[in-house]
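Chemist: Starting off with a structure, shown below.
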Amino acid sequence: MDTVKSICVFCGSSPGALPEYTQAARSLGRLMGEMGITLVYGGSNIGLMRAIADACMENGGNVVGVMPHGLIEREVAYRELKNFFVVETMSERKEKMAELSDAFIAMPGGIGTLDEIFEAMSWNQLEIMDKPVALLNTEGFYNDLIRFLDHTTSQKFVRPEHRNNLLVHEDPAVLLQYILGHKNQKVDSKWIDDLKSETAKRL
C-alpha cells in the first residue's frame with residue numbers, strides 16, 4: 001500500500017513500567033517524522049502519547065491530536081499542537097481519528113488502547129473501512145493477546161483472513177514497512193451463508 005500518508009497511533013497515557021516503551025514511542029515518532037507520515041493520536045501531553053508526538057515534531061513531522069472535551073478539562077491536552085480537534089465523546093474521537101488516518105498502530109497501552117485497536121479491526125472485518133492495522137509488540141507486550149487471537153481463530157470465532165490482516169512486529173521500522181506494503185486479505189462473500197449453514201446444524 002503506497003498511499004499511507006497518515007497513521008493513527010494508539011498508546012498509553014502512562015509511560016508504562018519499562019523504559020523501552022518510551023524508547024519505542026520515540027523511535028516510531030522519529031521515523032514517521034522523517035518519512036513525512038502524519039501522526040494522528042489522542043492529543044495527550046503525558047505518557048507514551050507525549051513521547052511519540054514530541055519525537056515526530058522534532059523530526060519535522062506533522063502531528064494531529066483528537067480529544068473529547070472531558071479530557072481537555074482534566075488538563076491533559078497537548079495545547080502546543082498546531083492541529084487539534086475537539087470532539088464531544090470518545091466514540092466521536094475514534095471516528096475522527098479513523099477519518100484522518102490511512103492506517104493504525106497500537107503501541108503498549110491499557111483499556112483505551114485495546115478498545116481503539118479492536119474497533120479498527122472490527123471496522124475492517126465489517127468492511128466499513130479497508131486500512132492496515134498493526135501492533136508494535138515492544139518487549140513482547142502483546143504476546144498474550146496474539147496467542148488469544150490465535151485461539152479465537154482456531155475456535156472459529158475469527159476468520160483466518162481477518163486474523164492474518166493484523167500486522168505484528170517489535171521493530172518500528174519493520175512494522176512501518178509492513179504497513180506500506182500491506183493489502184488486506186478479503187473473505188469470500190459467501191461467508192455469511194456458511195455461518196447460517198453452521199448455525200442450522202447446531203440448533
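Chemist: Taking the Cα centre of region 6-202 as the origin, how large is its charge dipole in debye, to the nearest 20, when only Lys and Arg (+1) and Asp and Glu (-1) carry charge on their Cβ atoms? It would help to have the intermediate numbers written out before the result.
Modeler: Details: 20 positive and 27 negative charges, 71 e Å.
For this selection, approximately 340 debye.
Chemist: What are the ³J(HN,Hα) values, in whole Hz, obtained from phi via the Karplus relation 6.51 cos²θ - 1.76 cosθ + 1.60 with θ = phi - 60°, for each residue of region 117-126 in sequence order, with x given for Gly and Pro?
Modeler: Karplus-based 3J(HN,Hα) across region 117-126 equals 6, 5, 5, 4, 4, 5, 4, 5, 4, 7 Hz.
Chemist: Mind checking the angle between helix 47-58 and the chain's longest principal axis? C-alpha axes, 0 to 90 degrees, to the nearest 10.
Modeler: 70
Chemist: What list of ³J(HN,Hα) couplings, whole Hz, do you get for region 83-90 from phi and the Karplus terms 6.51, -1.76, 1.60, once you set θ to phi - 60° and write x for glycine and proline?
Modeler: Result, rounded to whole Hz: 10, 9, 9, 9, 10, 8, 10, 5.
Chemist: Residues with amide H under 5 Å of Val87's amide H, sequence separation 5 or more or different chain, H placed in the peptide plane at 1.01 Å from N; which?
Modeler: Placed amide hydrogens put Met67, His69 under 5 Å from Val87.
Chemist: Pairing the Cα long axis of helix 191-202 with the longest principal axis of the chain, what angle in degrees results, from 0 to 90 and rounded to the nearest 10?
Modeler: For helix 191-202, the angle is close to 50 degrees.
Chemist: Counting alpha carbon pairs within less than 8 Å and at least 6 residues apart, what relative contact order, in whole percent, applies to the chain? Write down the numbers at each step before the final one.
Modeler: Details: 363 pairs, mean separation 43.0, N = 203.
RCO, the chain: 21 percent.
Chemist: Which three lengths, in whole Å and largest first, does region 134-202 cover when its Cα atoms are put on their principal axes?
Modeler: Each principal axis gives a Cα extent; for region 134-202 these are 46, 26, 9 Å.
Chemist: If a/c stays under 1.5 just call it rounded; otherwise compare a/b with b/c (prolate if a/b is bigger, oblate if not). Do that for region 87-185, with a ≥ b ≥ c from the square roots of the Cα gyration tensor eigenvalues. Kindly include the intermediate steps, with their values, before the conclusion.
Modeler: Values: a/c = 1.31, a/b = 1.21, b/c = 1.09.
Note, shape of region 87-185 comes out rounded.
Chemist: While we're looking at this one, here's another question. Students often check this: by mean Cβ neighbours within 10 Å, which of 59-67, 25-33, 124-132 ranks highest, and how do the rest follow?
Modeler: Values: 59-67: 20.2, 25-33: 23.0, 124-132: 15.1.
Top of the packing list down: 25-33, 59-67, 124-132.
Chemist: Go through Lys94/Lys190; Lys5/Lys96; Lys156/Lys196; Lys156/Lys186; Lys131/Lys186 and tell me which ones have a Cα-Cα distance over 19 Å in this structure. Could the numbers behind the result be given before it?
Modeler: Numbers: Lys94/Lys190 30 Å; Lys5/Lys96 16 Å; Lys156/Lys196 14 Å; Lys156/Lys186 17 Å; Lys131/Lys186 12 Å.
Where the Cα-Cα span goes over 19 Å, the pairs concerned are Lys94/Lys190.
Chemist: Let me ask something else. Among Ile52, Ile192, what is the fewest-to-most ranking by other Cβ atoms within 10 Å?
Modeler: Working: Ile52 29, Ile192 10.
By the 10 Å Cβ count, ascending: Ile192, Ile52.
Chemist: If you find the alpha carbon centre of region 66-87 and of region 141-203, how far apart are they in angstrom?
Modeler: With region 66-87 and region 141-203 each reduced to a Cα centre, they are spaced 33 Å.
Rule-based calculations on the coordinates, nothing more; no lab input. Since the model is a prediction, treat every value here as computed from it, not as a measurement. We place every Cβ from the backbone using ideal geometry, glycine too, and count neighbours over all the protein chains shown.
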